[in-house]
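The values are calculated or read from the model by the stated rules, or taken from the named source; none is laboratory data. Remember, predicted model here, so these are calculated numbers, not experimental data. A quick note on method: Cβ atoms are made from the backbone with ideal geometry, for glycine too, and the neighbour counts reach across all protein chains shown.
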Amino acid sequence: MEWIKSMLKKKWVKWGLIVFSSILLFFIALFISIYLGLFGKVPTSKELSSIKQEEATQVLDKDGQLIGKYYIYDRQPLHYNDFPKHLIDALIATEDVRFFEHDGIDNVSLLRVFVKSILLRDKSAGGGSTITLQLAKNLYGRNEYRFFSMVINKFRESIIAKRIEAIYSKEDILTMYLNTVPFPDNTYGVESAARKFFNKPAMQLTKAEAATLVGTLKANNYYNPRLYPERSLQRRNVVLNQMVKYGNMPQDSVNFYTKQALGLDYKSFNHDVGIAPYFREQVKKELAAILDSIKKPNGEAYDLYRDGLIVHTTLDMGMQQLAEDAMKEHLEVLQKDFEISYGNRVPWQTNEKLIEAPLKALPKYLSYKKAGLTDAQIYDSLSVKHNTELFEWKGDTIKKVSVLDSLQHYLKFLNTGMLSIEPKTGAIRTYIGGIDYRFFKYDHVSQSERQVGSTFKPFVYTAAIENGMKPCTYFSVGAVTYSNYDDWTPTNSGAEDEDPHLNYNLEMALSNSVNTIAVKVLNEVGIDKVLEQANKMGITKELPKLPSIALGVTEINLKELTGAYASYVNKSKPVKPYCITKVMDRNGNVIASFEPKKTDPAFSDYTRQVMLEIMKSTVNEGTAARLRSSYNLTNDIAGKTGTTQNNKDGWFVGITPNLVTVTWVGNDNHAIGFKSTGLGQGANSALPIFAKFYKKLSSDAKYDNLTKSHFESPTAEVVSDLNCEETKRDGFFKRLFTKKHKTRKFKGEK
């Protein structure tokens with residue numbers, strides 16, 4: 001005791017104690033002030049007892065497979081029983097070996113850190129943070145303070161950790177931790193991480209895969225297995241050895257697993273990539289409107305990005321993948337042919353006016369203009385080259401280009417829209433809004449309206465048959481000039497070789513898409529009746545009262561066109577394509593559900609059967625015959641091709657008993673069309689997407705209900721009414737006294 005008194009009398013000891021006591025009192029006071037909330041509110045035990053975690057909204061296909069998510073933090077929660085035991089073992093062995101022994105603060109670990117890190121300067125000592133402390137940080141984040149920021153945050157987390165331990169069981173804490181902990185690539189929660197890096201649910205993770213994910217927790221970017229596979233592999237093996245060290249795995253097992261490759265199966269749920277991005281964007285738009293009309297039980301609005309909703313959709317993910325593959329296979333080849341066809345006179349390089357309109361719509365151009373720059377100054381600014389990622393079918397490339405170069409580059413690309421629906425309900429099974437959502441955001445299924453060309457002709461013929469015209473009515477293929485419509489003279493492809501005295505029946509005329517006869521049929525039945533028929537079939541747009549409507553000069557949305565064609569295999573009833581079946585909250589309660597909209601028949605069953613037989617002829621002998629000859633499809637298929645003026649748009653409608661598919665191909669700039677009809681006609685530009693898609697479906701037994709289904713047999717009356725010669729020639733006297741080229745007035749209003 002005497003030596004203690006002697007030491008206390010020494011000045012340096014006395015001052016040392018004063019400094020130590022002051023520091024201790026300071027930290028005690030700091031802790032108390034944090035506890036009292038002077039540095040920001042600390043969640044109370046009551047608030048902690050009802051922790052609400054932000055969760056991603058999940059989008060599922062018709063079979064419950066995950067196709068996408070909407071989130072701020074990519075997180076999918078699981079229950080404790082959903083975690084494989086080896087995942088828990090790996091986590092505890094690596095992050096917090098005394099997890100089941102401490103009460104949120106591991107004093108042994110803290111002492112080790114103090115001695116090794118502070119006294120012995122050993123950087124390998126670790127941080128002494130427990131899983132509960134990390135959970136506190138994950139749940140409530142950290143604030144920035146001017147002084148002592150780290151200390152304040154650590155004290156705050158220790159208070160929260162103690163309260164969490166007092167409220168929740170160890171299993172609950174592990175569950176919350178694994179559902180909130182950040183993994184690489186902006187991924188939160190082990191379920192999202194498992195699906196992103198290994199394309200499987202967390203329950204199916206192997207020991208090596210679980211160790212890989214746990215290994216990233218030390219520094220999730222540094223050990224990102226996608227970016228730094230070698231580092232990640234080494235860290236994974238450290239985790240596996242930790243499991244051996246603490247008795248979770250025998251040595252021979254770890255020897256086996258450490259020899260394995262990472263085995264990543266990376267699947268991003270980024271909004272711009274992955275399967276069906278245009279569909280997911282459309283679902284998001286519709287979902288936002290749905291959530292605007294409903295409230296939570298407490299009266300609050302649902303949050304699409306935070307409330308963990310589960311959205312069930314009509315999409316078939318397997319079919320969607322086949323459709324996307326078919327589209328890419330065809331468009332890559334077609335794009336090459338398209339560019340070659342122009343030779344050295346490509347309009348996207350030689351016609352400066354084509355760039356002018358999209359250039360002046362750019363936000364950069366508008367901001368420069370607002371700042372008072374002249375066009376010359378703006379062009380100079382937009383001509384500066386910098387590294388830019390550009391879309392190419394052979395693979396994206398990074399090139400040094402200017403904004404002007406980039407506009408020119410994208411002007412050349414053909415784009416597409418494709419929709420497949422179940423005709424009896426309108427349920428969307430495949431949805432392709434464009435060639436690549438990352439670079440082409442415009443959706444050609446829901447947003448676009450393009451001239452539909454000859455795909456409008458069946459509406460004309462449907463109106464004619466519905467109003468009493470018999471299938472064996474004959475019309476001359478010869479051209480007619482309509483004097484009351486500015487001497488308009490519709491012609492056919494190769495019209496110079498046509499025999500004006502040759503007559504086709506309706507089946508031959510439509511299956512071969514004869515323009516002159518389509519206009520004559522329209523003239524016979526009347527424009528008003530045709531427009532009324534189209535409206536009954538679900539075409540809501542007000543269409544012009546012009547004879548050229550027979551040739552599809554009007555612009556119609558692809559989705560409406562698909563719904564209209566469904567009537568031919570749905571008891572004459574059109575459908576409205578839809579994509580969401582129900583929306584559930586995070587607890588599995590249905591908060592909104594949707595059924596197919598009921599519609600009335602748009603025409604008689606007799607008309608339906610006649611039209612279906614005619615469109616079967618289109619595939620068997622008409623403009624879509626290459627489905628049989630080139631692609632060897634033997635399935636029951638009806639269809640219609642379409643090509644617009646100057647080859648700007650190519651269409652194909654494929655009708656099967658249980659699936660209706662519409663494909664469109666063209667350039668987004670209406671001034672750029674195909675160089676030739678041979679290349680741009682719907683049978684060459686759009687039909688092959690359907691053909692390749694249906695071949696893929698046919699080779700998968702899963703889709704036998706679609707590909708092996710059969711049309712019903714037509715009635716005896718329909719068979720009898722179609723039983724006539726396809727063509728006939730005018731008699732001698734009629735040929736003698738009939739002018740080769742006729743001029744007449746069209747019956748429509750003018």
- Task: With a cut-off of at least 1 residues that are at negative phi, of a type outside the set (V, I, T) and buried (at least 23 other Cβ atoms within 10 Å of the Cβ), name the helices (runs of 4 or more DSSP H) lying wholly within segment 192-278.
- Result: 207-215, 229-245
- Among the residues of segment 658-682, write down those that are surrounded by fewer than 24 Cβ atoms within 10 Å (Cβ to Cβ) and assigned to a helix (DSSP H, G or I). T677, G678, L679
- Query: Among the residues of segment 527-548, how many are closer than 24 Å to T661 by Cβ and among the β-branched types (V, I, T)?
  - Reply: 2
- Task: State whether one or more residues within segment 539-554 are in contact with a strand residue (DSSP E or B) (Cβ under 7 Å, 6 or more places away or on another chain), crowded, with 20+ Cβ neighbours inside 10 Å and at pLDDT 95 or above.
- Result: yes
- Task: Test K616 against the stated conditions and say whether it is under 28 Å from D721 (Cα atoms), outside any loop (DSSP other than H, G, I, E, B) and among the charged types (D, E, K, R).
- Result: yes
- Query: Going by the conditions given, is I689 assigned to a loop (DSSP other than H, G, I, E, B) and under 22 Å from G433 (Cβ atoms)?
  - Reply: no
- Task: With the condition kept exactly as written, say whether any residue in segment 471-494 is at pLDDT 95 or above and either under 41 Å from the mean Cα position of the chain (by Cα) or closer than 25 Å to G654 by Cβ (or both).
- Result: yes
- Message: When the residues of segment 404-424 are narrowed to those that are more than 30 Å from N570 (Cα to Cα) and among the hydrophobic types (A, V, I, L, M, F, W, C), which ends up surrounded by the most Cβ atoms within 10 Å (Cβ to Cβ)?
- Response: F413
- Just wondering, is there one or more residues in segment 608-622 that are over 30 Å from S676 (Cβ atoms), buried (at least 24 other Cβ atoms within 10 Å of the Cβ) and of a type outside the set (A, V, I, L, M)? yes
- Query: Looking only at segment 707-728, which residues are of a type in the set (S, T, N, Q) and not in a helix (DSSP H, G or I)?
  - Reply: S709, S713, T715, N723, T727
- Query: Can you find even one residue in segment 433-448 that is in a strand (DSSP E or B) and either within 13 Å of the chain's Cα centre (by Cα) or touching a residue at least 12 places away in the same chain (Cβ under 8 Å) (or both)?
  - Reply: no
- Message: Criterion first (over 21 Å from L510 (Cβ atoms) and out of contact with any Leu (no Cβ under 9 Å at 6 or more places or on another chain)) does T634 satisfy it?
- Response: yes
- Message: I need a count of the residues in segment 624-657 that are without any contact (Cβ under 8 Å) to a residue 60 or more places away in the chain, assigned to a helix (DSSP H, G or I) and within 30 Å of K571 (Cβ to Cβ).
- Response: 1
- Looking at (1) surrounded by 14 or more Cβ atoms within 10 Å (Cβ to Cβ); (2) modelled with pLDDT under 80, which is the only condition Y177 fails? (2)
- Note on the structure: Note on segment 348-364: residues within 14 Å of H670 (Cβ to Cβ) and touching a helix residue (DSSP H, G or I) at 6+ places or on another chain (Cβ under 7 Å) are W348, L354, P358
